[in-house]
2 protein chains.
Amino acid sequence: MSMAENFSVDTVPHIEPICTVGPNQSCRHSLVDQELNEFLHIYEELVRSRFSAITDTLKTLSIYQHELDFVTRAQRIAMDHLHYKLPLNLLEDSWVSGLNLRALHSYCIFRSFKECIAKARFDQASWRERNALNTNFLHSCGYHTVNISPCADGRLQGLLSFVLRLVPSEAVYVKAYAGAMFNIEEDITNWAHRELERLTGGLPGDEDRNYLKIAVYHYSSSNPSHEGCAAHGSDNKKAVEAALMRLNELRAAINNTYGRGAAPDILLIGVDTDIDSIRVHIPDVNGDIHSHRFVDSGDLYRESLGMTQEAARMYIADAVTKAECQNGLVHNKGKMAAGMRSLVFGLLEANLSQIEYVIQYHAGRYAVIGHNERFICAGEAMNELHLRNKFYFAHLNTVEEGAIHLDVGIKIFTNLNIKHGLAIPILVHYHYSSRVPGARERVIQRCRRVKAAIEARYSQLHEKGLLYCQIAISDKAGSERCTFIEDEIIEAEH
Amino acid sequence: MSMAENFSVDTVPHIEPICTVGPNQSCRHSLVDQELNEFLHIYEELVRSRFSAITDTLKTLSIYQHELDFVTRAQRIAMDHLHYKLPLNLLEDSWVSGLNLRALHSYCIFRSFKECIAKARFDQASWRERNALNTNFLHSCGYHTVNISPCADGRLQGLLSFVLRLVPSEAVYVKAYAGAMFNIEEDITNWAHRELERLTGGLPGDEDRNYLKIAVYHYSSSNPSHEGCAAHGSDNKKAVEAALMRLNELRAAINNTYGRGAAPDILLIGVDTDIDSIRVHIPDVNGDIHSHRFVDSGDLYRESLGMTQEAARMYIADAVTKAECQNGLVHNKGKMAAGMRSLVFGLLEANLSQIEYVIQYHAGRYAVIGHNERFICAGEAMNELHLRNKFYFAHLNTVEEGAIHLDVGIKIFTNLNIKHGLAIPILVHYHYSSRVPGARERVIQRCRRVKAAIEARYSQLHEKGLLYCQIAISDKAGSERCTFIEDEIIEAEH
């Protein structure tokens, strides 16, 4: 069997390649936005380089740590390779107590992340608004708000911009939970706030639009029983059913409380984290979802490769129609509402670009199919960085409630960092609204409280210097984004 | 100076008595509902007796703990004095290891409390619907919902039924915080949920009514610098200004977020916990409150004593009008809206009954002006028990967020219980909605999580057996009320 030069699956045996072509053919699907993929790839490389340079830079520093002109030399090396200086206090005492490489490593992770945030508008300008599914598209499907709960797994942190090709906006929320087990009571509150905005005219033009809740589970086609969702013991059936149950409970809760018909629409999506293809579980005429009724974008890619755009779109439409008739549902009963249908088409077509992205730039299947996150983000997600395996994200209000999601992260980082002598960097991030008096001070207090709770929960790691927490805040009503709040300021204020 | 026989203030010198009358006169104000006061007094005695019998009963048990027929005798004594049996496991081993009086004491506190909850409908039937300020009254003032945040202090736990004479209903929320420092973000959420119900037709007839937020601070006229609000260091100026600031912040937050005019009305009330008189801070024409513009019901009681109902009502109206012109505000600017005016009158008049209640049944000033709570309630308040000094109530979602409110409670109970060798009983109570699928199981998990967090925070007390936590849940949509969830069930389920 011959393989196209720009992809390879031979490191993972027994898996059907996503793209099989003859000699002189290549994996180029007519519906893929090639230029967008190039932009995304440049962005990915740029962001990765900010993190991947850290280890080598610190190794180099380590060599020179006992030299006379160490501090000057270290700053020059840092500027050359990382493009920022290092804190003096971490360099100056190296001649006596040795370089604190663990502290420097955590510092660099946060500092590189800050670089990504500070330059996000520049870095993302080429592709940010070009992704297929923007606010106008969501509006045309009848939705004013989309609330997405993926798993906290770092491999899903590129979900929005890469896998789903959604343009980030204030109408799109992402709240990750281990196993996609989102908090129903909190979701009711999110929905209620948004619903109130809509009803009081705060979302002009959205008066007749609906709210959509999406749960996103994941699995690994190469190594299903080990690299699937840890929260569900890599049992995909369990992951699908647990997510679906939660979606149904949310619907029932809102219908029972605010009257039948009040509930948001729901959608269930699965991601194969090896190749970033998706399974969209299509709702029936009542909006009900069945765990076996789905369309797989990987199949669609393979089967429609080489077709014209028109023919490929027809093929996708037929596949969806076929799926609608599955499980013995006659066509009328299985048919989605028109808006949902547009959305499902949109998602499936947009994801073809991501499948090809992985083929083009990651040899058809990610080299590291497991965990490779750089830090843990605890609290509320930022729209400024969506990239696979950059961070493990645990949405939480308090450690008391979110401990289970953090524990999974600590377990992952015990393998990734602690085992190699490195500390675990944890970013505690929350939003406030500058429209609410006193909210900025309160959110800083909140961050400090959560930081203290994390340090208390993992006190053994913390006491050994194996845990570094950094606090950051963003304004959801104004322009402040991911401001790092330093401990020095804490002390100065007290 | 002669004193009426049924009150006395001579234990507290230098304080002007609330009721000064000549010979053959008595403290009977024409606007007081005497019969209602009698009903409330019988209720108070009944509830108190369920708790006050505990210590003597246990002392008696202690005498007989080494006798041959101890278990039989103990159960008879318990039935006679407490009207319930004691758990066998706490009695049977007394012959060898001695009676665990600490565990028995906490058991009895919870058991007696359960008795109060189970019999609440019976016990409260005489007065529950007779209180002056019911839902219809609130509606006539233009309010669909009243959300009250008093201090967590146990002396304010009789606020609703006794001090304010408000009929409990699903339109009245009570959420206590140390120092009345309510959580603005949570209040915005409460408001939003209620507003959504109103806008979606869930509150029929309330379409044009408003939401009212009341903060209640407190002070001690007899011992102002020691028995005031602990959270504000018994500094009344601080207590008033802190509560007022929070009310203003809440108003600004909602106006800034949902548009000017969206914010609820606000009201600030002070309670003199020695005599249960109130200070109502009257809003001006814009709804703004000033810390010095208030009417004191104690003054009104004294000054209108002996007047006819009509004359007393005129007198109150004049006093309010006078207060409206305070601080150089011309009458138009200081005048409240008509609905708020009715509410203020209603509160002031209704409180006269409570002032006389304290005169009639507590010698004009409570014998114990300080703390005398029986247990701590952490979580969400129950409508089933409103009585001064029965429990310290800390409203909290998580211990992580509410620790400061709990710490104050633990400090109080260190004096009340630990110093005397007794444990601190803590009831962890939360509501769920049976309309929300899975909510009952989740609320039990939540209770267990909060219980574990309390036991972890006060681990030194817990390890010494000086802390007993009991879990209880209520359904806000159905009929389940304060069901005790036992640890045995926890183990059986795992």
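The values are calculated or read from the model by the stated rules, or taken from the named source; none is laboratory data. These figures come from a predicted structure and were not determined experimentally. With ideal geometry, Cβ positions are generated from the backbone for all residues, glycine too; neighbour counts draw on all protein chains shown.
See the values below:
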read-out: Cross-chain or 6+ apart pairs with Cβ under 6 Å, the stretch B:65-88 first and in the same structural domain as B:CYS116 (by TED's automatic domain parsing), then surrounded by 15 or more Cβ atoms within 10 Å (Cβ to Cβ) and in a loop (DSSP other than H, G, I, E, B); value: B:GLN65/B:LEU99; B:ALA78/B:LEU86
read-out: Evaluation of A:SER161 against (1) crowded, with 21+ Cβ neighbours inside 10 Å; (2) closer than 22 Å to A:ILE410 by Cβ (one fails), failing number; value: (2)
read-out: Any hit, the stretch A:388-405, residues being under 29 Å from B:ALA403 (Cα atoms), assigned to a helix (DSSP H, G or I) and in contact with a Ser or Thr (Cβ under 7 Å, 6 or more places away or on another chain); value: yes
read-out: Condition met for B:ALA456 (within 14 Å of chain A (Cβ to nearest Cβ), surrounded by fewer than 17 Cβ atoms within 10 Å (Cβ to Cβ) and out of contact with any Lys or Arg (no Cβ under 8 Å at 6 or more places or on another chain)); value: yes
read-out: Members of the stretch A:106-153 that are among the small types (Gly, Ala, Ser), under 20 Å from the mean Cα position of the chain (by Cα) and assigned to a helix (DSSP H, G or I); value: A:SER112, A:ALA118, A:ALA120
read-out: Any hit, the stretch B:427-438, residues being within 25 Å of B:GLY228 (Cβ to Cβ) and modelled with pLDDT under 95; value: no
read-out: Members of the stretch B:263-286 that are more than 26 Å from the chain's Cα centre (by Cα) and buried (at least 18 other Cβ atoms within 10 Å of the Cβ); value: B:ASP284
read-out: Some residue of the stretch B:326-336 being small (Gly, Ala, Ser) and modelled with pLDDT of 90 or more; value: no
read-out: Some residue of the stretch A:382-398 being crowded, with 23+ Cβ neighbours inside 10 Å, modelled with pLDDT under 95 and within 14 Å of chain B (Cβ to nearest Cβ); value: yes
read-out: Of all residues in the stretch A:201-212 being of a type outside the set (Asp, Glu) and buried (at least 16 other Cβ atoms within 10 Å of the Cβ), the one that is farthest from the other protein chains (Cβ to nearest Cβ); value: A:LEU212
read-out: Single match in A:ARG442, A:ARG446, A:ARG435 (criterion: charged (D, E, K, R), buried (at least 20 other Cβ atoms within 10 Å of the Cβ) and within 12 Å of another protein chain (Cβ to nearest Cβ)); value: A:ARG446
read-out: Residue within the stretch B:290-301 that is crowded, with 22+ Cβ neighbours inside 10 Å and within 17 Å of B:PRO150 (Cα to Cα) present; value: no
read-out: Some residue of the stretch A:220-240 being touching an Asp or Glu at 6+ places or on another chain (Cβ under 9 Å), on the phi < 0 side of the Ramachandran plot, at pLDDT 95 or above and more than 14 Å from chain B (Cβ to nearest Cβ); value: no
read-out: Test: residue in the stretch B:348-355 that is of a type in the set (Ser, Thr, Tyr), crowded, with 21+ Cβ neighbours inside 10 Å and in contact (Cβ under 8 Å) with a residue 40 or more places away in the chain; value: yes
read-out: Helices (runs of 4 or more DSSP H) completely within the stretch A:283-343 that count 2 or more residues being among the charged types (D, E, K, R); value: A:297-304, A:309-324
read-out: Failed item in (1) free of Cβ contacts under 8 Å to residues at least 24 places away in the same chain; (2) buried (at least 22 other Cβ atoms within 10 Å of the Cβ), with B:GLU197 passing the rest; value: (2)
read-out: Residue that is farthest from the other protein chains (Cβ to nearest Cβ) [pool: residues in the stretch A:461-489 that are over 16 Å from A:GLY409 (Cβ atoms) and part of a helix (DSSP H, G or I)]; value: A:GLU488
read-out: Filtered residues of the stretch A:362-381 (kept if surrounded by 24 or more Cβ atoms within 10 Å (Cβ to Cβ) and among the β-branched types (Val, Ile, Thr)); value: A:ILE376
read-out: Matching residues, the stretch A:176-187, being within 8 Å of another protein chain (Cβ to nearest Cβ) and in contact with a helix residue (DSSP H, G or I) (Cβ under 7 Å, 6 or more places away or on another chain); value: A:ILE184
read-out: Qualifying residue in the stretch B:221-238 (condition: touching a Gly at 6+ places or on another chain (Cβ under 7 Å), surrounded by 24 or more Cβ atoms within 10 Å (Cβ to Cβ) and not in a strand (DSSP E or B)); value: yes
read-out: Selection status of A:LEU58, modelled with pLDDT of 90 or more, in a helix (DSSP H, G or I) and crowded, with 17+ Cβ neighbours inside 10 Å; value: yes
read-out: Checking A:PRO425 against (1) outside any helix (DSSP H, G or I); (2) within 14 Å of chain B (Cβ to nearest Cβ), the condition it does not meet; value: (2)
read-out: Residue count for the stretch B:258-282, restricted to those that are part of a strand (DSSP E or B) and within 30 Å of B:ALA192 (Cα to Cα); value: 11
read-out: From B:ASN256, B:ASN190, residue being within 20 Å of the chain's Cα centre (by Cα), among the polar types (S, T, N, Q), within 12 Å of chain A (Cβ to nearest Cβ) and closer than 26 Å to A:ASP187 by Cβ; value: B:ASN190
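This table checks each residue for (1) touching an Asp or Glu at 6+ places or on another chain (Cβ under 8 Å); (2) not polar (S, T, N, Q).
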site: B:ASN372; (1), (2): no, no
site: B:GLU380; (1), (2): no, yes
site: B:ASN397; (1), (2): yes, no
site: B:HIS405; (1), (2): no, yes
site: B:ILE412; (1), (2): yes, yes
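This table checks each residue for (1) touching a Leu at 6+ places or on another chain (Cβ under 6 Å); (2) farther than 21 Å from A:LYS114 by Cα.
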position: A:HIS386; (1), (2): yes, no
position: A:PHE391; (1), (2): no, no
position: A:LEU406; (1), (2): no, yes
position: A:PRO425; (1), (2): no, no
position: A:TYR432; (1), (2): no, no
position: A:ARG448; (1), (2): no, no
position: A:ARG457; (1), (2): no, yes
position: A:GLN460; (1), (2): no, yes
